[in-house]
Amino acid sequence: MGFLALAFAPVAAAGAGVPAPGGEPLLAAAETATATALGTLEQPGQVDLHGWAASLQVERVLTGDLAPGSKVRIAWEELSRGRPARFRDGDRILVALDPLPGASLWSQRFPNRDALAVAAGGDAFLRTPDAASVETLAAYLALAPEQRLAGPGVEALTDLLSRAQPPLARAALARLAELPGLDSKISYAARQQLAHAVADPGRPTELRQGVLRLIGGRKLRSLRPAAELQAQEGSPLRSEALGALAALDGGMPADRVARLLESEDPAVRGVAVRNAPGTPSERRLARLLREDPDPQVRAAAVEALLAAQGEAAVGPASAALFDSDAGVREAAVRGLASLGAAAVPTLENLVERRVGEEVGAPLAALALAGPAGRAALERIAALHPDEQVRALARAMTGRRARPPH
């Protein structure tokens, strides 16, 4: 178990009882797949404990040598017993297919090798695809590999982002974020598509937020007007737009930081906090990490304070180790641990003065703080007056929680 898992309560696994969603892996898998096709599934069933197969009635072929109107056997694995099979009879899917894996288990399942595997470990599919998703993916896959890395690929990806169903759109956004020299490859048409995606209230909010992060993170200066439009008061994307503008400008004016710190919107305050270092508002960070009512703002204040002041901020930042919110505590753990030996005396002193579960966060920070932190954990495991603290320190050093009698 990891140090942070020992320090903080575990989070329940997501997705129990829900079929595997697929979606996003389809884009990357389709680029190299043996075939990518649209079709309807018939008679899915188990081959063995984890193996499944079905017949795919092919409607349209985007890549590969399959024929429309033909049937192909497809296969996949269901490794989780806590969720239903991903496909049902009659499901219409857009799917990327690869040859069956070479492992002997697959040869036992299909001795004649008469099936194709759903690519990306069974996740390269889109359920109930709409026409726009099929058309935009087909247009992207029709490009030569070298074109996908150049202007035509950027246009095709922005078309996917603007028109395809959310899983494919998210995958297109992630691919755009990876392309080298993106700003120089954006044509007028691609720029219009990106601006439309940001402004379109019919697109998912998280996708529109992602485009704004792309604008800032990749310094897409030609899309500054799109960010400025969303940075106005009342915009649901205001915080992401403000962050994009700050990234484009290499920071935020001091007067804007001070003004935004007074916002009632915690997301906006968070942007201001992250841009406070180097402005007069930096001196407010220590108070904000203790007193702001929103945990995300408190976590941002911890990170910003430590990034700006380093070792000098160990004392003020350590207060966040005992925050009521686990996310704030984790931000403090990671930030203080990144300082290594400089943070160890303060962390060790905090543990020495406390008992029970409240030492979890400072112990986790020590565990991540390098050799000096580990040496402090060893001392605590041997000498702390509280057995519960000693046991947790031993666990974080990789030893038994309690020594044998």
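The numbers here are math on the coordinates, done by the rules we state, and not lab data. From a predicted model like this one, the values you see are computed outputs, not experimental measurements. Note that each Cβ is placed from the backbone with ideal geometry, even for glycine, and that neighbours are counted across all protein chains shown.
Some points to look at:
- Exposure proxy shown here: for THR34, THR158, the number of other Cβ atoms within 10 Å sets the order, fewest to most, as THR34, THR158.
- Principal-axis tilt of helix 188-199 within the chain, Cα atoms, nearest 10 degrees: 60 degrees
- Remark: the range 286-382 is approximated by an ellipsoid whose semi-axes, taken from the C-alpha gyration tensor as √(5λ), come to 21, 14, 10 Å, largest first.
- Per residue, the average separation of C-alpha pairs within less than 8 Å and at least 6 apart gives the chain a relative contact order of 10 percent.
- Between ASP294 and ARG224, the modelled label-to-label distance comes to 2.6 nm, taking each label 7 Å out from Cα in the direction of the beta carbon.
- The alpha carbons of the range 298-346 stretch over 25, 20, 15 Å along the principal axes, in descending order.
- Spread over its residues, the convex hull of the C-alpha atoms of the range 218-342 is 106 Å³ per residue.
- Label point distance in nm, ASN349-ARG92, each placed 7 Å from Cα along Cα→Cβ: 6.8 nm
- Spin-label model distance (nm) - GLU206 vs ALA258, 7 Å beyond Cα toward Cβ: 3.8 nm
- Given charges at beta-carbon only (K, R positive; D, E negative), |dipole| of the range 25-129 in Debye: 200 debye
- Mean projected area in nm² (Cα convex hull; one quarter of hull surface) for the range 180-274: 6.1 nm²
- Unit charges at the beta carbon, dipole of the chain: most positive-side option, GLY310, ALA75, LEU377: LEU377
- Over the range 40-149, volume per residue of the alpha carbon convex hull, in Å³: 126 Å³
- Think of each Lys and Arg Cβ as +1 and each Asp and Glu Cβ as -1; about the Cα centre, that makes the dipole of the chain roughly 520 debye.
- Ranked SER235, SER133, SER184, criterion: other C-beta atoms within 10 Å, fewest first: SER184, SER235, SER133
- Taking only Cα atoms of the range 130-250, radius of gyration then Dmax in Å: 13.6, 44
- Read-out Rg and Dmax of the Cα atoms in Å, derived from the coordinates shown; its label in (i) 21.5, 66; (ii) 26.2, 75; (iii) 24.7, 91: (ii)
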